[in-house]
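Have a look at the structure below before the remarks.
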Amino acid sequence: MTSDAGLGREWGGVIRVLEDVIPVYDRVNRVISLGRDASHRRRGIEGRISGGDRVLDAGSGLGAMTAVAAGAGASVTMCDPLLPMLRGAAGRGADAAAACGVFEKLPFRDGAFDAVVCGYSLRDAINLRRAISEAHRVLAGGGRLVVVDLGKPDGPVQRAGVSFYLRCIMPLLALAAGGRLGAGFAAIYGTYRRWPRNGVLREMLLERFERVELETDLAGGAVMIAAYK
């Protein structure tokens with residue numbers, strides 16, 4: 001792993017996979033998260049997003065995090081590198097402004113948002129440290145970065161268990177849930193390998209943010225993080 005983490009040169013391949021799996025994206029994510037993806041999103045946002053907040057859903061995909069934030073009364077702007085994802089969200093009735101962009105160069109002014117949310121997306125950054133810096137830049141004073149994603153446990157036994165699940169069991173579940181397209185979810189293990197351990201991720205966030213709250217579930221294999229500017 002590089003000092004900045006992130007997918008680096010692997011990013012293009014992962015983005016192509018994400019575009020391919022759009023038709024089965026939500027269904028497979030629900031299955032491979034053991035039915036916990038929606039509750040994790042709610043846990044990440046609860047108490048951190050409120051009515052009137054200006055929220056950026058970075059790496060918004062089809063808008064699952066957008067829906068949770070909007071349900072809390074926030075005004076949400078979606079941002080994703082894939083136009084087909086944004087079109088898919090609009091086709092599902094997502095009531096949010098939308099822009100195409102990557103984590104490392106968000107197309108918004110400094111201090112434009114009260115919160116940035118990333119649901120199962122920050123792990124796909126090209127350069128994680130730059131992505132964190134950009135999230136910090138577009139947040140107003142007192143703003144929050146909320147990250148819900150896979151977790152990489154600090155303990156070696158738990159980490160081995162999560163790695164085994166993602167490498168050996170998850171692809172079978174994805175194939176069963178999504179058929180031929182579900183096979184593309186095997187790419188998640190490659191993104192997980194380049195994702196920092198939970199404690200390291202917390203320290204990276206503290207390089208930019210004043211305070212970080214980190215919760216885990218599924219033996220550390222899922223994280224819900226709030227970082228405060």
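All of the numbers you see were taken from the coordinates with simple rules; none came from a lab. All values reported here derive from a predicted model rather than from experimental measurement. Cβ placement follows ideal geometry from the backbone for every residue including glycine, while neighbour counts extend to all protein chains displayed.
Structure above, values below:
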| read-out | value |
| --- | --- |
| Highest-first arrangement of 39-49, 172-182, where packing means the average Cβ count within 10 Å | 39-49, 172-182 |
| Convex hull volume per residue for the chain, taking Cα atoms only, in Å³ | 104 Å³ |
| Most positive-pole-ward Cα, G47, V17, F108, against dipole of the range 1-152 from beta carbon charges | G47 |
| Furthest towards positive pole of dipole, G93, A160, H136, structure part the range 59-204, Cβ charges | A160 |
| I169-S39 pseudo-label distance in nm [points 7 Å out on the Cα-to-Cβ vector] | 1.6 nm |
| Fully extended contour minus Cα-Cα distance, from D95 to S75, at 0.36 nm per residue | 6.3 nm |
| Rough spin-label spacing in nm, given labels placed 7 Å along Cα→Cβ, for R180 and R109 | 4.9 nm |
| Paramagnetic reach from S50 in the range 97-128 [backbone N under 20 Å; point 7 Å along Cα→Cβ] | 112-117 |
| Stretchable slack from S133 to L214, in nm (0.36 nm times residue separation minus alpha-carbon distance) | 27.3 nm |
| Total charge dipole magnitude, the range 37-157, about the Cα centre, Cβ charges on Lys, Arg, Asp, Glu only, Debye to nearest 20 | 80 debye |
| The chain: most fluctuating residue of P107, P171, P156 per GNM, C-alpha cutoff 10 Å | P156 |
| Dipole magnitude (debye, nearest 20) for the chain, charges at Cβ of Lys, Arg, Asp, Glu | 340 debye |
| Most positive-pole-ward Cα, W195, A183, A227, against dipole of the range 179-229 from beta carbon charges | A183 |
| Angstrom value of the Kirkwood radius, inverse mean 1/r, which spans all Cα pairs in the range 1-130 | 15.1 Å |
| Inter-centroid distance (Cα atoms) of the range 151-229 relative to the range 1-71, Å | 12 Å |
